[in-house]
Amino acid sequence: MGKRLYKGSILLLFFFCTLAAKAVEINAQLPLDSILNNVFRNTDFYYHVVRSYDAQLYIKSIMDIKKSNYLIHSLPYLYRTDKRKKYIMESINDIHYTAPDIYKRSLIGVQGTVKGFHGLHELAMDYFNINVYAPSYFNGKFYSPLYKKAKMYYKYSLDSVYESNGTVFYKISYTPKHPSYQLMAGWVVVESTDWAVVTCNFKAQNEYMKGSVTVQMGQDWLEKFLPANVFVDIDYHFIGNKEEVKYFAYLKYDDIKLFDNPKSLIKKKNKYDLSHAFYLMGDSKSIINDSITFSCLRPIPLSDDEQKMYKEFSHMKDAKPVKPVNKVYNFGGELGDKLLNSYSLDMRGLGNIRCSPIFNPLLLDYSHSDGVSYKQVFKYRMLMPDDRLLSITPRLGYNFKYRDLYVSFPIDLLYYPKKSAVLHLEVGNGNRIYNSRLMKEINELPDSLYNFNKMHLDYFRDYYVDFNNSFELFNGFKIYTGIMIHRRVAMRNSLIVVRDSSEIIGLRDKFKPAYNSFAPRLTIQWTPGQYYYMDGKRKVTLKSFYPTFTLDYERGLKRMFGSAGGQYERMEADMQYHLPINLMNDLYLRAGCGAFTNASQIYFVDFVNFTKNNLPSGWDDDIGGVFQLLNSGWYNSSSSYVRANLVYESPFLLLHLCQLTKTVMKERLYFNVLSIPRLTPYWEVGYGVGTDVFDFGAFVSFNKYSYKNFGCRVTMELFNK
């Protein structure tokens, strides 16, 4: 017995020594650098290898509220909750994917214990439309450690090596070299046969959340390039609210098609038309929401705890007595929701209206020259037969410094979708403007002629009507034709006191409280290499690797609609270009020029591309591309201009030297230069940062080489990136 035990021990020891030697041999075969080079070499091919697929996506999420207050409803990822702490939500979706990165989702069925649950928020869907071989994840918010050019931002280590069925597997951990919310930590397992990813984990965070995503890839040859299971665990921390949300996603694939050569995607007769790789899935006529039918479609059974949540929710609904609706209380509750949350109004078959929150500090904007401003946006869309589309997007805003209310009411009718033909009508009021011609003439007169204390000729309110028709002549080349009507009304009427009437004959008529102008307008816009696809009959533009060029021409007509202006001409040229330098660095360029001919015939100098906007127009770095410190009077005082704006954007410029890059998503360098008569050159330099909460920029301006001014700009960005 003892001899057998001894021999068995020897054999067991020999077996483990052999395994250890084999592991050492495996580990010694390839160093970490060689493993990474093999992975990087194949990443680009695997990123583009899938041509299309159909899949059924099942998503289950569990929301556990640890601590909450009323501001919990401001989180865009969460849903309307009550006094309960735990909620379950499920959805079944049909997914169709086509290269390059076009996802179409159709909701099939939903179940959940959240009131008014109609499927997961679109922001949450980014977790499941993931390509692990892509250069970046979640709409560019995080940079992939598997991308070759990103290795300068990550540190890698080989955790373990093991063998199964003759295949060697390597588990590699990675951590960011610099603290940044755009870099992740985690691990990835790759196999040595074709250096494909078997499973991977990403850990990331930002100002208000911390999350972990684990992806298990498919098993067979076609599915191995696609995720089969996705596990997401997110902790939210937002102004006293603490929530944990767990997602589980299961994908069942059908009809996976691969490219023989991924580059064949661009070797088509029309390489910019991607319609061959896309088809539109019709929305489900009816969404399944009854529990019996949904349980038949559920691919994975519920656990006991999950079934318990559904039973408790059902008992709560059955036990809750039906109370008469208190209209006053109900109105107050609805109003409270609209104060803090975006909301939609269904027009019963006539379209829908999407509204931004009535009270939302994220819609505030501050700049040194314009002070604080606020905006409110409404969006109405109605899809009509033949893919025609009516869109109305009223916009209200208030500038607290000037105490002015700004309104614009644009209406767009897409009447010939294939050629992107649009009728556009916009009515609104613009920025304050002054009568540049009249002020110039008054300044040349002796002071003895007028009592300037009773003249208020500095600013006029501008009311406008813009009507145009646009169509696409060929891909990327658009032509706009229309008319522009302005009515400028003095903010305060002037009282003219003449001291020497013999020297003022003929000038009294120039002091008018209101001026009208009427001008036909032609605009040509060209974006070379414009990629697009056809959504039914509608053309949907994607991206271009080239600049967008714009030429704008306007000619004033006299005596049309009481027009007081002469036969002036306005001509402008503009170029805008976004140049990605590498994975994390971008360069934004804008250059343009403009001039009025026969300027002596015009009362108001008002350019289109060189103008002051007192309200924020968007939330994608409003700071760049405009002059931040230029006095608004200069926009209306010059009959010509030449301008250039440059923004260089990178996550690591200066702050990483101070280890302050964790909360900063982007650092930006700004350079603006302007040449106009009497101010040549005027230039600004600035530095800014972009975070998940706000964008900030600080600027210094110069007139030639003399210091002129200093100021800053802040725009709120929370939940907008």
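No value in this document is a laboratory result; all are computed from the given coordinates. Everything quoted here is computed from the prediction, not taken from an experiment. Note that each Cβ is placed from the backbone with ideal geometry, even for glycine, and that neighbours are counted across all protein chains shown.
Neighbour counting of Cβ atoms within 10 Å sorts the residues Phe128, Phe694, fewest neighbours leading, into Phe694, Phe128. Projected label points at Asp101 and Phe231, each 7 Å from Cα along the beta carbon direction, are separated by 2.8 nanometres.
Take the Cβ-Cβ distance between Ser34 and Phe694 as r, set R0 to 45 Å, and report the resulting FRET efficiency rounded to the nearest 0.05. Present the calculation step by step, with values, prior to reporting the outcome.
Working: r = 44 Å, r/R0 = 0.98.
Efficiency for this residue pair is about 0.55.
Figure the gain on full extension for Asp54 and Lys242 (residue separation times 0.36 nm, minus the Cα-Cα span) and round it to one decimal in nm. Intermediate values should be presented prior to the final figure.
Working: separation 188, 0.36 × 188 = 67.68 nm, distance 3.68 nm.
Stretched fully, the Asp54-Lys242 segment lengthens by 64.0 nm.
Spacing of the modelled spin labels on Lys85 and Thr597, each 7 Å from Cα toward Cβ, amounts to 7.7 nm.
Phi angles across region 707-715 convert, under the Karplus curve 6.51 cos²θ - 1.76 cosθ + 1.60 with θ = phi - 60°, into 3J(HN,Hα) values of 4, 10, 6, 9, x, 9, 9, 10, 10 Hz, Gly and Pro given as x. At an R0 of 60 angstrom, the distance between the Cβ atoms of Tyr705 and Lys419 translates into a FRET efficiency of 0.75.
The calculated FRET efficiency for Leu589 paired with Glu426, based on their beta-carbon distance and R0 = 35 Å, is about 0.80.
Full extension of the segment from Tyr398 to Thr167, taken as 0.36 nm per residue of separation minus the current Cα-Cα distance, would add 76.6 nm.
Taking label positions 7 Å along the Cα-Cβ direction at both Arg298 and Ser157, the computed distance is 4.2 nm, reported to one decimal.
Anything over 21 Å Cα to Cα? Flag those among Lys85/Lys317; Lys419/Lys543; Lys375/Lys539, in the order listed. Mind dumping the intermediate values first?
Values: Lys85/Lys317 16 Å; Lys419/Lys543 18 Å; Lys375/Lys539 30 Å.
Where the Cα-Cα span goes over 21 Å, the pairs concerned are Lys375/Lys539.
The stretch between Leu579 and Arg461, if pulled fully straight at 0.36 nm per residue, gains 38.6 nm over its current Cα-Cα span.
Using the per-residue mean of other Cβ atoms lying within 10 Å as a proxy for protection, in what order, highest first, do the peptides 401-409, 542-550 fall?
Working: 401-409: 13.9, 542-550: 15.6.
Packing order, densest peptide first, comes out as 542-550, 401-409.
Among Thr98, Thr293, the order by Cβ neighbours within 10 angstrom, fewest to most, reads Thr293, Thr98. Distance cut-off 21 Å, Cα to Cα: go down the list Lys67/Lys210; Lys171/Lys246; Lys151/Lys177 and report the pairs above it. Beyond 21 Å: Lys171/Lys246.
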